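Working notes, structure below.
The values are calculated or read from the model by the stated rules, or taken from the named source; none is laboratory data. As the structure is a computational prediction, the values presented were derived from the model and not from experiment. Counting neighbours? That spans all protein chains shown, and the Cβs are built from the backbone with ideal geometry, glycine included. Ligands, DNA and RNA are stripped out before the accessible areas are found, and what is left, the full protein with its side chains, is counted by its heavy atoms. Shrake-Rupley method; radii C 1.70, N 1.55, O 1.52, S 1.80 Å.
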Amino acid sequence: MIEVRVPDEQEGTKAVVRAWLKQIGDAVAENDPLVELETDKVTQEVPAPAAGVLAEIVLDTDAEAVPGALLARINASTPAQAGAQEAKPSVSAGGKEEPAGSPGPRPAPGISQESRLSPSVRRACLQRGIDASRIQGTGRNGRLTREDVDRAVASATVVSVGEPATAQPRRFSPHDIPLDRMRLAIAENMVRAVSEAPHVTALFEADFTAVAAHKTAMAAKGVKLSYTAYIVKAAAEAMAIAPAINGRWEDDRIAISPTIDIGVGTALGEKGLVVPVVKDAGSLSIEQIGAKLDELTRRARDGKLERSDVAGGSFTISNHGVSGSLLAAPIILHQGQAAILGVGKLQKRVIVREIDGEDAMLILPMAYVTLTIDHRVVDGYQTNAWLTRFVEILESWPA
């Protein structure tokens, strides 16, 4: 038997089994997607390590999946050989010996082998607490479809909540948004971050005139750069003035990361947020940072990020201005980091500057920038010094 295990590169992130893409008895080819695992950061498909027949599922849907845990077993024999071996009893996920011909859990009552639930339908049933065997399928061969589940939700409008003696009817609307695992994990992490780390936010503003000029000049040379690339580069360079910003709180010390690994918040619309990481950003040129950001953003929106792409960040940037926000404070710290940078919407504003000893009103492209810090790790002095240097780098970008 070939064992299928949870990948080791989770870095402590809790994962759950989101959906099995193959069922017991299905033939699989090497590298076929076998099961989806989900964390608060990313959904990952685990491929089959070898060709054969899926013989046993050890961790079922919604089970917690720690690094290295056994997910399933594959019989590497051909389907014909596997059939010849069915006289041998198999052991199910629960550890009980089962009769020959029944390796592992069977489909739920009322659901035939021909109408097994698709990952989308199974996920919808789990999110809404619906017993799939009670729904009449309208798909091919009686297969249950997502529309069948939605209709069942719309018709089941009243449920009881609380203890039987005090239960009150609560009406569910088809417009309610069920909590998926990503949203629950995000909520858990946000509450933990706020309760563990004292958040303090400092606010500066930055003039992007020099950056805009450089961005235009690079575009004329065929190199397209986003403003985020400049923000990442400036943040990496500013770490030299206050290295603890690139650190984290430990019980016995403040640990400083040896490399500057910057996570960039990337919105996925209704699906939430992921934070892909630009590794060792301090050693990269502006062009390299731009290319890496383009690649990570594209893969994030295509749902193709690996766990290694979102792990290991030492500092995070929330470029919330891209969606129109001028100011957000405090921005919740990423777990295990000392600071997070927020950048608001870039807009032209009237600013007073001194030119040749005289005050002058200028129209400049400005943005508010905030640094929210874990006050256990750094104080106001380092926070303001870092922001001063960060703004200075942006405003003096070489032409």
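Values computed for the structure shown
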quantity	calculated
Residue check, D309 open to solvent by 40 Å² or more (accessible area, probe 1.4 Å), farther than 20 Å from L371 by Cβ and either in contact with an Asp or Glu (Cβ under 6 Å, 6 or more places away or on another chain) or not in a strand (DSSP E or B) (or both)	no
Sole exception among (1) surrounded by fewer than 22 Cβ atoms within 10 Å (Cβ to Cβ); (2) within 29 Å of G313 (Cα to Cα) for P365, by number	(2)
Given (1) part of a helix (DSSP H, G or I); (2) free of Cβ contacts under 8 Å to residues at least 40 places away in the same chain; (3) open to solvent by 70 Å² or more (accessible area, probe 1.4 Å), number of the condition T297 does not satisfy	(3)
Number of the exception - I332 against (1) in contact with a helix residue (DSSP H, G or I) (Cβ under 6 Å, 6 or more places away or on another chain); (2) among the aliphatic types (A, V, I, L, M); (3) closer than 14 Å to A238 by Cα	(3)
Residue among L371, L364, L394 that is within 27 Å of I256 (Cβ to Cβ) and part of a strand (DSSP E or B)	L371
Qualifying residue in the stretch 73-88 (condition: under 30 Å from L184 (Cβ atoms), at pLDDT 80 or above and not hydroxyl-bearing (S, T, Y))	yes
Residues satisfying the stated conditions in the stretch 343-361, i.e. in a strand (DSSP E or B) and of a type outside the set (D, E)	V343, Q347, K348, R349, V350, I351, V352, R353, I355, A360, M361
Cβ-Cβ under 6 Å pairs, at least 6 apart or on other chains, the stretch 180-201 side within 17 Å of I245 (Cα to Cα), far side surrounded by 12 or more Cβ atoms within 10 Å (Cβ to Cβ) and hydrophobic (A, V, I, L, M, F, W, C)	A193/I332; A193/L333; A197/L333; V200/I373; T201/A329
Test for V232: is it surrounded by 22 or more Cβ atoms within 10 Å (Cβ to Cβ) and modelled with pLDDT under 95	no
Residue in the stretch 23-64 that is nearest to L126 (Cα to Cα), counting only those that are β-branched (V, I, T) and assigned to a loop (DSSP other than H, G, I, E, B)	T61
Within the stretch 2-22, considering residues that are of a type outside the set (V, I, T), modelled with pLDDT of 80 or more and assigned to a loop (DSSP other than H, G, I, E, B), the one nearest to G263 (Cα to Cα)	P7
Which listed residue is part of a loop (DSSP other than H, G, I, E, B) and β-branched (V, I, T), from I331, I340	I331
The stretch 194-219, subset open to solvent by less than 50 Å² (accessible area, probe 1.4 Å) and not in a strand (DSSP E or B), residue farthest from L333 (Cα to Cα)	A217
Members of the stretch 243-261 that are over 16 Å from A281 (Cβ atoms) and either open to solvent by less than 30 Å² (accessible area, probe 1.4 Å) or in a helix (DSSP H, G or I) (or both)	A244, A255
Test for P174: is it open to solvent by 50 Å² or more (accessible area, probe 1.4 Å), modelled with pLDDT under 70 and not acidic (D, E)	no
Breaking point among (1) among the hydroxyl-bearing types (S, T, Y); (2) under 30 Å from P47 (Cα atoms); (3) part of a loop (DSSP other than H, G, I, E, B), for S325	(2)
Residue in the stretch 50-59 that is closer than 21 Å to V274 by Cβ and surrounded by fewer than 21 Cβ atoms within 10 Å (Cβ to Cβ) present	no
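Here's the yes/no breakdown for (1) open to solvent by 50 Å² or more (accessible area, probe 1.4 Å); (2) over 16 Å from the mean Cα position of the chain (by Cα):
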{"position": "H320", "(1), (2)": "no, yes"}
{"position": "S323", "(1), (2)": "yes, yes"}
{"position": "I331", "(1), (2)": "no, yes"}
{"position": "G336", "(1), (2)": "no, no"}
{"position": "I340", "(1), (2)": "no, yes"}
{"position": "L346", "(1), (2)": "yes, yes"}
{"position": "V350", "(1), (2)": "yes, yes"}
{"position": "R353", "(1), (2)": "yes, yes"}
